[in-house]
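Quick notes on the structure that follows.
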Amino acid sequence: MSTDLIATRPARPIDAETLSTIHLEAWRGAYRGLLSGVDLERMISRRGPRWWRGALSRGVLIQVLEVAGKTVGYATYGRSRMRELPFEGEIYELYILPEYQGLGFGTKLFQATRRALVRMRLSGATVRVLSENEAAMRFYRSLGGQLLMNSQEQVAGTSVELSVFGWFADSDAS
């Protein structure tokens, strides 16, 4: 597929419906079997189009990935919430529609989001991922992420292990 058909850009309020759909489909694909079905559906239902419009109006930074004019993925990002680590940037979420996974589109979105963090003058980047999500763990390792630490967090009343990956400022953000 020609790279002319692949683009990234900041999300706009008009993207709210599509962001909601990507979130729903990607979360079901990523977390079914890892989180309880009821809890997963409850978490997904909180992120409808109205939530996404509100997030954008509050200034949440969201990068979208388009393939042949169709929005197929998104990443949220900004200043790292993990102040104890020597990384200023963080990619909070990165999700691609399941049918577009494994084709290199996640890498394109990751690279574009890293460049956005560099433009914000945020040095280095981190990502937190559910440790049991083997596909995500492989993905971030393949991008050169260094496993920095593991932590426990409560998600829907259940304790889960998160893995934190990091990329230093001098690592390739191209």
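Relative contact order, percent, of the chain when contacts are C-alpha pairs under 8 Å separated by at least 6 residues?
19 percent
Quote to one decimal, in nm, the extra length available between Glu93 and Asp170 on full extension: 0.36 nm per residue of separation minus the C-alpha distance between them.
Residue separation times 0.36 nm, minus the Cα-Cα distance, leaves 25.5 nm.
So who's got an amide H within less than 5 Å of the one on Met149, skipping anything under 5 residues away but keeping other chains? H placed 1.01 Å off N, in plane.
It is Val164, by chain and number.
For the range 34-145, what does the equivalent ellipsoid look like in terms of its semi-axes, each the square root of 5 times an eigenvalue of the Cα gyration tensor, given largest first in whole Å?
The three semi-axes for the range 34-145 are 21, 18, 17 Å.
Quick one: which of 79-88, 58-67 comes out on top by average Cβ neighbours within 10 Å, and what's the full order, highest first?
The peptides rank, most packed first, as 58-67, 79-88.
Scan around Ser131 for amide H atoms under 5 Å from its own, H built in the peptide plane at 1.01 Å from N, and keep only partners 5 or more places away or cross-chain.
Glu161, Leu162, Ser163
For Ser57 and Leu5 in the same chain, what is the full-extension length gain: residue separation times 0.36 nm, less their Cα-Cα distance, in nm?
15.9 nm
Give me the tail of P(r) for the range 100-174 as a percent: Cα-Cα pairs with distance above 22 Å.
Roughly 28 percent, rounded to a whole number.
Can you tell me the length gained on complete extension of the stretch Met82 to Val118, counting 0.36 nm per residue apart and subtracting the Cα distance?
So the chain would gain 11.2 nm between Met82 and Val118.
Calculate one ³J(HN,Hα) per residue across the range 72-79 by plugging θ = phi - 60° into the Karplus curve 6.51 cos²θ - 1.76 cosθ + 1.60, and present them in order as whole Hz with x for glycine and proline.
10, x, 8, 9, 10, 7, x, 5
Given a 1.4 Å probe, how much area per residue of the chain is accessible, in Å²?
Computed with neighbouring chains in place, this is 53 Å² per residue.
Quick check on the chain: helices-only [θ] at 222 nm, where DSSP H runs of length 4 and up contribute -39,500 (n - 2.57) each and the sum goes over total residues. Nearest 500, please.
-10000 deg cm²/dmol
Each residue of the range 9-22 in turn: what ³J(HN,Hα) in whole Hz from Karplus with 6.51, -1.76, 1.60 and θ = phi - 60°, glycine and Pro shown as x?
In residue order, the calculated couplings are 6, x, 5, 10, x, 5, 7, 4, 5, 5, 4, 4, 5, 4 Hz.
If amide H atoms are built 1.01 Å from N in the plane of the peptide, which residues on other chains or at least 5 residues away come under 5 Å of the amide H of Ser123?
Glu88, Gly89
The values are calculated or read from the model by the stated rules, or taken from the named source; none is laboratory data. Note that the structure is a prediction, hence the values are computed from the model and not measured. Note that we place each Cβ from the backbone using ideal geometry, even for glycine, and neighbour counts take in every protein chain shown. Ligands, DNA and RNA are stripped out before the accessible areas are found, and what is left, the full protein with its side chains, is counted by its heavy atoms. Shrake-Rupley method; radii C 1.70, N 1.55, O 1.52, S 1.80 Å.
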